[in-house]
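Trainee: Mind looking over this structure? Questions follow.
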Amino acid sequence: MEASDALTVRLISLYLAQMGLAIIFMINFRYFSKIYHRPFLLNWSRSWLGFFFVCLGLGYSTLPPDWRINIPFFNLAGSATYMTGAFIQSFFLIVGSYELIKDRQLSKRSIYMLFAITIILGTSLTLLYAFDDSRFVERYFIRIGLRSLITGIAFIYCGVIAFFSQRFGEVSFGRRLLGTALMLYGLELTGYFVVVYLIIIGYNLSIVLSIFGVTDLFLITIIGLGMVMWLLEDERLILKKTNNELDSFLYSTSHDLRAPIASILGLTNLAALETKDSTILQYFKMIETRVKKLDSIISDILTYSKNTKLQTQEEHVDFNALIEEILSDIKFDERAAGIQIIYEGVKANELSADRGQLKIILSNLLSNAIKYHDLSKDNPYIRVDFKKDGHAVEITISDNGQGIAQEHHDKIFDMFYRANSTSEGSGLGLFIVQEASRKIKGEVSLQSQLNEGSNFKLTFKEHL
C-alpha cells in the first residue's frame, strides 16, 4: 500500500471514529436535557450533530476520486456538508453556553434566524471559487484555513467561558478538563489555519500532516467527557445545595412550631383545671392527645434534620449506662408501665461506637416496641440483648407484641411508611434508625410475624 493510500485509510478511520463519538454524545446530551430539565444541553447536543456532519463531509472529501459517487455537484455537496457542519457545531456550542451563563433560553425565532445565517454562510463560502479551477489556492484557503480559524475562535471563546464564568459553578476537575480541552481544540483548529497558510506559501509540512486527525479525535473525546463530568459534578452540587436548604427549612420550621405547641398544651392543661364537666374534660384530653402526636412528629423531623448534619465520632460506650439512660427517658410513657423490659446487664457490656447514633437507634426501637405492643397479651415484654465477639457487635431488641405482616418487611424502613393505617407514628422512626445505623456502618434487620412479635437486630463492627 502506498503512503498516500495508507494516510487516506487512516484519516477515513479517524473520521468514522469521530462520527461514532458524535452520535454517542449527541444522544447523551439530548437525554440529559430531558432528565435534568436544562435546555442548554439540547443545543450542546445539536452541536455534536454539527460535528457529525463535519466528519461526514471531510470523510467523503478524503476518499480517492474513483471511490466517490459519480454524480454532478455531489463532491461540492460533500464540501458544503463539512463547511456548514463546522459552523453549525460552533453556533450551537456558543448558543448553549450563552443560555447557560445567562440562565435563559433564546427564542425559537432567534435560533432559527441565526441558524439560517449559519447555513447561508457555510454554503456561500463553499460556493466561493467553486467553479474556477484557477483559484484553487483561494478555495483551499477558504474551505480549510478560514473554516478552521472561525471554528477555532468559537471553541477558544467557549473554553474561556468554561474557565471563568461563575455560571459554570464551582471549580472542579470536570470544569477544568472541559475548559482546557475546548481551548486546546480551538488552538489546534487555529493552528490548521497557520498550517494551510504555510503550505500555500511553499513550506513542506508532511510531519504535521502525518498526525492530522489523531489529536482531533483525542481532544474531541476529552471535550465530550469533560462535558459529561462537569454536568454530573454540577448536578451533584445543585442537589447538595437543595438538600441543605431543605434541611435548614425543615429544622427552622419544626423548631418554630414547637413553641406554639407547648403553649397549646399548657393552656389546655390550665383550662382543664377550670372545669369539672366530664364532656369538656374529655374534649381537652382529645386535644392534648392530638397535639402530643403532632409534637412527636415534629420531634422526629428535628431528630432526622439534626442527625443528617452530625459527624460520627467513635468513643468508649458503657452499654449498661446507655440502656439505663434510654429507659429513664421512656418510662413516663403510660404504656410502658404495663410492659416488662428485660435486660441482663453485665460489667463486660462495653464497646466503641458513636454514642449519639447508638442512642438514636435504640431509643427509636424501644419507643416503637412500647408504642405498638399488644397489652392484652399475657406477660407482655420487651427484651434487650447485647453480644460482642471480638470487634463484632450485635444488639437485639425483641418483643411479643403486635408483630409486622410479611408484606411490609421490605418497606418498613422507608421514610414516612406506616405498616397500618391506624398507626399513630410519623413514619420516620425506623427510617431514622436505618440512617443512623448506616452512619456507624452497621445494618438493621427485622424478623417478625403478625400477632407474634418482632425482632430487630443491629450489627456493626468497632473501628477503634
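The values are calculated or read from the model by the stated rules, or taken from the named source; none is laboratory data. What you see is a predicted model, and the numbers here were worked out from it, not measured in a lab. As a convention, Cβ positions derive from the backbone with ideal geometry for all residues, glycine included, and neighbour counts pool all protein chains shown.
Trainee: Given the condition of a type in the set (S, T, N, Q), modelled with pLDDT under 90 and under 30 Å from His316 (Cβ atoms), answer yes or no: does some residue in the range 368-387 qualify?
Mentor: Yes, the range 368-387 contains a residue that is of a type in the set (S, T, N, Q), modelled with pLDDT under 90 and under 30 Å from His316 (Cβ atoms).
Trainee: Does at least one position in the range 84-103 carry a residue that is in a loop (DSSP other than H, G, I, E, B), in contact with a helix residue (DSSP H, G or I) (Cβ under 9 Å, 6 or more places away or on another chain) and either on the phi > 0 side of the Ramachandran plot or surrounded by 22 or more Cβ atoms within 10 Å (Cβ to Cβ) (or both)? Spell out how you get there, then give the answer.
Mentor: Kept after step one, since they are in a loop (DSSP other than H, G, I, E, B), are these residues of the range 84-103: 103.
With in contact with a helix residue (DSSP H, G or I) (Cβ under 9 Å, 6 or more places away or on another chain) added as a condition, the list becomes 103.
Narrowing the set further to residues that are either on the phi > 0 side of the Ramachandran plot or surrounded by 22 or more Cβ atoms within 10 Å (Cβ to Cβ) (or both) leaves 103.
Checked the range 84-103: at least one residue is in a loop (DSSP other than H, G, I, E, B), in contact with a helix residue (DSSP H, G or I) (Cβ under 9 Å, 6 or more places away or on another chain) and either on the phi > 0 side of the Ramachandran plot or surrounded by 22 or more Cβ atoms within 10 Å (Cβ to Cβ) (or both).
Trainee: Tell me the residue from Phe164, Phe131, Phe168, Phe155 that is at negative phi and in contact with a Lys or Arg (Cβ under 7 Å, 6 or more places away or on another chain), please.
Mentor: One residue alone meets the criteria, Phe168.
Trainee: Can you go through Asn28, Asn43, Asn75 and tell me which one is among the polar types (S, T, N, Q), assigned by TED's automatic domain parsing to the domain that holds Gly226 and closer than 28 Å to Phe141 by Cβ?
Mentor: After ruling out the rest, the residue left standing is Asn75.
Trainee: Does the range 7-66 hold any residues that are of a type in the set (Phe, Trp, Tyr), closer than 23 Å to Thr215 by Cα and in contact with a Lys or Arg (Cβ under 8 Å, 6 or more places away or on another chain), and which are they?
Mentor: Matches in the range 7-66: Tyr60 only.
Trainee: Further question: Conditions first: (1) under 18 Å from Leu100 (Cβ atoms); (2) out of contact with any Leu (no Cβ under 7 Å at 6 or more places or on another chain); (3) exposed (fewer than 14 other Cβ atoms within 10 Å of the Cβ). Asp133 passes all but one, so which condition is the exception?
Mentor: (1)
Trainee: Return only the number of the condition from (1) part of a helix (DSSP H, G or I); (2) free of Cβ contacts under 8 Å to residues at least 40 places away in the same chain that His37 does not satisfy.
Mentor: (1)
Trainee: Inside the range 328-347, can you point out the residues that are farther than 11 Å from His373 by Cβ, among the β-branched types (Val, Ile, Thr) and out of contact with any Lys or Arg (no Cβ under 7 Å at 6 or more places or on another chain)?
Mentor: Ile330, Val346 - these are the residues of the range 328-347 that are farther than 11 Å from His373 by Cβ, among the β-branched types (Val, Ile, Thr) and out of contact with any Lys or Arg (no Cβ under 7 Å at 6 or more places or on another chain).
Trainee: Would you pick out the residues in the range 415-449 that are of a type in the set (D, E, K, R), at pLDDT below 85 and loosely packed, with under 14 Cβ neighbours inside 10 Å?
Mentor: Within the range 415-449, Glu424 is the sole residue that qualifies.
Trainee: Okay, next question. Taking the range 107-130 as the search range and keeping residues that are at pLDDT 85 or above and among the small types (Gly, Ala, Ser), which one is surrounded by the most Cβ atoms within 10 Å (Cβ to Cβ)?
Mentor: Here the answer is Gly122.
Trainee: Now for a separate question. Only one of Tyr129, Tyr112 is in the same structural domain as Ser33 (by TED's automatic domain parsing) and assigned to a helix (DSSP H, G or I). Can you tell me which?
Mentor: After ruling out the rest, the residue left standing is Tyr112.
Trainee: Same structure again: Since Leu106 meets every condition but one in (1) within 33 Å of the chain's Cα centre (by Cα); (2) within 25 Å of Leu121 (Cα to Cα); (3) assigned to a helix (DSSP H, G or I), which condition does it not meet?
Mentor: (3)
Trainee: Please pick out the residue among Leu21, Leu56, Leu63 that is closer than 26 Å to Phe131 by Cβ, at pLDDT 90 or above and assigned by TED's automatic domain parsing to the domain that holds Leu239.
Mentor: Leu56
Trainee: For Asp247, indicate whether it is among the acidic types (Asp, Glu) and either out of contact with any Ser or Thr (no Cβ under 8 Å at 6 or more places or on another chain) or loosely packed, with under 13 Cβ neighbours inside 10 Å (or both).
Mentor: So Asp247 fails the test.
Trainee: Would you check if Phe53 is free of Cβ contacts under 8 Å to residues at least 12 places away in the same chain and not acidic (Asp, Glu)?
Mentor: no
Trainee: Which of the strands (runs of 3 or more DSSP E) contained wholly in the range 281-400 include at least 3 residues that are in contact (Cβ under 8 Å) with a residue 60 or more places away in the chain?
Mentor: The qualifying strands (runs of 3 or more DSSP E) are 350-353, 392-399.
Trainee: Okay, moving on. Just to verify a result, which residue in the range 193-240, among those that are more than 25 Å from Met19 (Cα to Cα) and buried (at least 16 other Cβ atoms within 10 Å of the Cβ), is modelled with the lowest pLDDT?
Mentor: Ile199
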